[in-house]
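The values are calculated or read from the model by the stated rules, or taken from the named source; none is laboratory data. Just so it is clear, the structure is predicted and the values come from calculations on it, not from any experiment. As a convention, Cβ positions derive from the backbone with ideal geometry for all residues, glycine included, and neighbour counts pool all protein chains shown.
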Amino acid sequence: MIYFDNAATTKDKPHEVIEAVSYALTHFGNANRGAHEDSLAASLDIFKTRKKLTELFGNASPSHIIFSFNATDALNTVLTGLIKEGSRVITTVTEHNSVLRPLYRLKRERGVALTFIGIDEGTRLDMASLENALQEGADYLVISHASNVSGNVVDIDRVAELCKHFCCLLIVDAAQSTGSIKINMQQSGIDILCFTGHKGLFGPQGTGGIALNGDFDIEPFRVGGSGVQSYLHEQPLELPTHLEAGTLNGHGIAGLSAALDFISRIGIDAIHEKEMELANHFLEGIRDIEGIKLYGDFASRHVGIVSLNLGCTDSAIVSDVLSQSYKIATRPGAHCAPLIHKALHTDSQGVVRFSFSYFNTVEEVDLGIRALKEISKHLS
Ligand SMILES: Cc1ncc(COP(=O)(O)O)c(C=O)c1O
């Protein structure tokens, strides 16, 4: 299988990730649940991973890295734990359901007011509308750094500057940018960032987290065992314990730790450059296909996602032919991002998403180009 579905999850992982998970499975006890060697080994590995993540995100303290099981879990924890009754929240039509559904629930249950920022003709976020909405007053902005449909990357420094100016707390969904685009929370002024471990970070599924750039009053979504202060009726207040009830995915975090070493060895800029080389090579090869429609602003900052349609053919059909006849994995449909599909008028057709990773090759991309050309010829 040629795997071009890396925005869903990266399938090819660095070999050291597999080795680290295997080592953890055979050597780790339960972190923070004992003083014996095997428990301490797990605790130390988890602490080291927090430290690596503070370096990745440019936030100050390992205690302000909270582990979760994916970006959805992280976003639910932050949005549900932080946003109070009657708050005003700005978000965008580019958001994934992992942002939209918690916000819709907050609207229903806490009377939270939601404002949605749209995209312009060129599929970019409408920055003028965002500035106007911030000027009118908002408590929170929840925004994805990179769209999982168009692949467009938001100018997060400018967004953070605006949020600071208008005193709005900035929560970033970095599910599609982490590992591909450099992020420095302190330099940019991002307050809270949610990430997932299994996409651009090349870690195992079941890993992800929250990076906090400061102290925020987040009510825990989940309470329970913490390994410390067991006689308290409440979840201990100190971080990260406050937001990490229950046994962590220590085995997955060990894999994530090895993945972070891999990323630091190769360098995020080199990873991004390779992904973009592949995406641009693909774009060059397919641009002239008759009836092709492309969704995204490829002249601006982008991640390795190319979404397209062949004429009016249902995206599920194209993706299915790619899979069945060419053994090429892509993702059709709505990608859990309903509002951007409405904005792009692709809500009934969907789009076929190709997403490239550092581990793909130019030869694979050439096969993808050839397959699309043949399918297009066959359709017409
Ligand atoms: C932009 C965006 N946010 C959030 C998520 C949710 O990530 P996870 O499935 O790891 O919870 C995704 C997953 O595709 C995504 O693309």
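Couple of notes before you dig in:
- Test: residue in segment 353-362 that is part of a helix (DSSP H, G or I) and among the aliphatic types (A, V, I, L, M): yes
- Scanning segment 164-182 for residues that are of a type outside the set (S, T, N, Q) and within 14 Å of the ligand (Cβ to nearest atom) yields I171, V172, D173, A174, A175, G179, I181.
- Filtering V228, V149 for residues that are in contact (Cβ under 8 Å) with a residue 40 or more places away in the chain, surrounded by fewer than 16 Cβ atoms within 10 Å (Cβ to Cβ) and in a loop (DSSP other than H, G, I, E, B) leaves a single hit, V228.
- Filter result for the condition that a residue is in contact (Cβ under 8 Å) with a residue 24 or more places away in the chain, in a loop (DSSP other than H, G, I, E, B) and acidic (D, E), over D261, D269, D217: D217
- Cβ-Cβ distances below 6 Å connect the following pairs, each with a first residue in segment 63-78 that is touching a residue at least 60 places away in the same chain (Cβ under 8 Å), a second residue that is of a type in the set (K, R) and more than 12 Å from the ligand (Cβ to nearest atom), and a separation of six or more residues or different chains: I65/R50.
- Hits in segment 49-87 (condition: more than 18 Å from K199 (Cβ to Cβ), away from the ligand (no atom under 16 Å from the Cβ) and outside any helix (DSSP H, G or I)): G58, N59, A60, S61, I83, K84, E85, G86, S87
- Applying the set (1) more than 18 Å from A174 (Cβ to Cβ); (2) buried (at least 23 other Cβ atoms within 10 Å of the Cβ); (3) within 16 Å of the ligand (Cβ to nearest atom) to E244 leaves exactly one unmet item: (3).
- Checking every residue in segment 43-55 against the condition of being closer than 21 Å to S188 by Cβ, in contact (Cβ under 8 Å) with a residue 40 or more places away in the chain and either not assigned by TED's automatic domain parsing to the domain that holds A245 or not charged (D, E, K, R) (or both) gives at least one match.
- Any hit, segment 6-19, residues being in contact with a Phe, Trp or Tyr (Cβ under 8 Å, 6 or more places away or on another chain), more than 16 Å from the ligand (Cβ to nearest atom) and not in a helix (DSSP H, G or I): yes
- Residue, farthest from V303 (Cα to Cα), within segment 10-25, restricted to residues that are within 21 Å of the chain's Cα centre (by Cα) and not basic (K, R): V17
- Within segment 347-373, tally of residues that are under 19 Å from G311 (Cα atoms) and in contact with a helix residue (DSSP H, G or I) (Cβ under 8 Å, 6 or more places away or on another chain): 11
- Residue tally, condition exposed (fewer than 13 other Cβ atoms within 10 Å of the Cβ) and under 19 Å from A175 (Cβ atoms), over segment 78-133: 0
- One residue from G203, G197, G209, G189 being out of contact with any Ser or Thr (no Cβ under 8 Å at 6 or more places or on another chain), within 14 Å of the ligand (Cβ to nearest atom) and within 23 Å of V303 (Cα to Cα): G203
- Residues that are of a type in the set (D, E) and in a helix (DSSP H, G or I) within segment 291-336 comprise just one, D320.
- Hey, L239 touching a residue at least 40 places away in the same chain (Cβ under 8 Å), in a loop (DSSP other than H, G, I, E, B) and farther than 23 Å from K13 by Cβ or not: yes
- Any chance D261 is outside the structural domain of F69 (by TED's automatic domain parsing), surrounded by 12 or more Cβ atoms within 10 Å (Cβ to Cβ), within 20 Å of the chain's Cα centre (by Cα) and of a type in the set (D, E, K, R): no
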